[in-house]
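One structure is given here, and the rest of the page talks about it.
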């Protein structure tokens, strides 16, 4: 049986009018989440664990020169406001969990010229979603992929790289 892959990306926020992670998610038949704590929480509340085996989350990293395959979700959210003006931190996402959870999707060997393993998913909604996904679905393969701005790596090149990563995982 083929593994079912859930793909999510984020929509526009701050000065990013077209978030490449949202575009990629759409191209891969996934969902685009609003960059808000309420939207992420609502999505998680409705998510049925029986509908996927792998969850590939994506978000944009404004200073990345290549894709970042995140390997750690930290139990921390910073003081940045979401698109609705809500600030959820700074502080722990869930005090009943440890300071960090290891990702369950990316491993050595997936790196390439356009992708590297990293351990810092940030302190904004990308990390918030990643940590929550790891905490709620410990028996699933869950990973977060930070993609660069389109000015650094064009849409089609990003899509090619995501497809390469997905192919190399199988």
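State which residue is nearest to residue 89 (Cα to Cα) when the search covers only segment 32-42 and only residues that are surrounded by 15 or more Cβ atoms within 10 Å (Cβ to Cβ) and free of Cβ contacts under 8 Å to residues at least 40 places away in the same chain. So that I can check it myself, show each step before the final result.
Filtering segment 32-42 for residues surrounded by 15 or more Cβ atoms within 10 Å (Cβ to Cβ) gives 32-37, 39-40.
Those still in the list that are free of Cβ contacts under 8 Å to residues at least 40 places away in the same chain too: 32, 39.
Numbers: 32: 23, 39: 16 Å.
Per the stated criteria, the residue is 39.
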Open item on the list: Which of the numbered conditions does residue 50 fail, given that it passes all the others? Conditions: (1) modelled with pLDDT of 95 or more; (2) surrounded by fewer than 20 Cβ atoms within 10 Å (Cβ to Cβ); (3) over 29 Å from residue 107 (Cβ atoms).
Closed with: (3)
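Could we say that residue 159 is in a loop (DSSP other than H, G, I, E, B), in contact with a helix residue (DSSP H, G or I) (Cβ under 8 Å, 6 or more places away or on another chain), surrounded by 13 or more Cβ atoms within 10 Å (Cβ to Cβ) and in contact (Cβ under 8 Å) with a residue 24 or more places away in the chain here?
On the way: in a loop (DSSP other than H, G, I, E, B): no; in contact with a helix residue (DSSP H, G or I) (Cβ under 8 Å, 6 or more places away or on another chain): yes; surrounded by 13 or more Cβ atoms within 10 Å (Cβ to Cβ): yes; in contact (Cβ under 8 Å) with a residue 24 or more places away in the chain: yes.
In short, no.
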TODO: Please tell me if residue 89 is outside any loop (DSSP other than H, G, I, E, B), in contact with a strand residue (DSSP E or B) (Cβ under 6 Å, 6 or more places away or on another chain) and touching a residue at least 12 places away in the same chain (Cβ under 8 Å).
DONE: no
Open item on the list: With the requirement that a residue be surrounded by fewer than 23 Cβ atoms within 10 Å (Cβ to Cβ) and in contact with a helix residue (DSSP H, G or I) (Cβ under 6 Å, 6 or more places away or on another chain), what does segment 3-22 give you?
Closed with: 11
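Return yes or no: is residue 137 in contact with a helix residue (DSSP H, G or I) (Cβ under 8 Å, 6 or more places away or on another chain), under 15 Å from residue 60 (Cα atoms), modelled with pLDDT of 95 or more and surrounded by 13 or more Cβ atoms within 10 Å (Cβ to Cβ)? Before you say what the answer is, go through the steps one by one.
Values: in contact with a helix residue (DSSP H, G or I) (Cβ under 8 Å, 6 or more places away or on another chain): yes; under 15 Å from residue 60 (Cα atoms): no; modelled with pLDDT of 95 or more: yes; surrounded by 13 or more Cβ atoms within 10 Å (Cβ to Cβ): yes.
Taking the combined requirement at face value, the residue does not satisfy it.
Would you be able to tell me the number of residues in segment 107-122 that are part of a loop (DSSP other than H, G, I, E, B) and touching a residue at least 40 places away in the same chain (Cβ under 8 Å)? If you could, list the steps in order and put the result at the bottom.
We begin by selecting, within segment 107-122, every residue part of a loop (DSSP other than H, G, I, E, B); these are 107-111, 113-114, 119-122.
The next check asks that each one be touching a residue at least 40 places away in the same chain (Cβ under 8 Å); those that pass are 109-111, 113-114, 119-122.
Summing the residues that are part of a loop (DSSP other than H, G, I, E, B) and touching a residue at least 40 places away in the same chain (Cβ under 8 Å) in segment 107-122 gives 9.
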Open item on the list: Would you confirm, using the coordinates I've provided, whether residue 101 is crowded, with 20+ Cβ neighbours inside 10 Å, in contact with a helix residue (DSSP H, G or I) (Cβ under 9 Å, 6 or more places away or on another chain) and either in contact (Cβ under 8 Å) with a residue 40 or more places away in the chain or not in a loop (DSSP other than H, G, I, E, B) (or both)?
Closed with: no
Open item on the list: Kindly evaluate residue 127 against the criterion of being within 15 Å of residue 21 (Cα to Cα) and in contact (Cβ under 8 Å) with a residue 40 or more places away in the chain.
Closed with: yes
Open item on the list: So if I check each of 72, 83, 87, 142, which one is at pLDDT 95 or above and surrounded by fewer than 14 Cβ atoms within 10 Å (Cβ to Cβ)?
Closed with: 87
TODO: Could you please let me know if residue 59 is assigned to a strand (DSSP E or B), under 23 Å from residue 150 (Cβ atoms) and in contact (Cβ under 8 Å) with a residue 12 or more places away in the chain?
DONE: yes
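The values are calculated or read from the model by the stated rules, or taken from the named source; none is laboratory data. Since this is a predicted model, take the numbers as computed values, not measurements. When we count neighbours, we look across all protein chains shown, and the Cβ atoms used for this are built from the backbone with ideal geometry, even at glycine.
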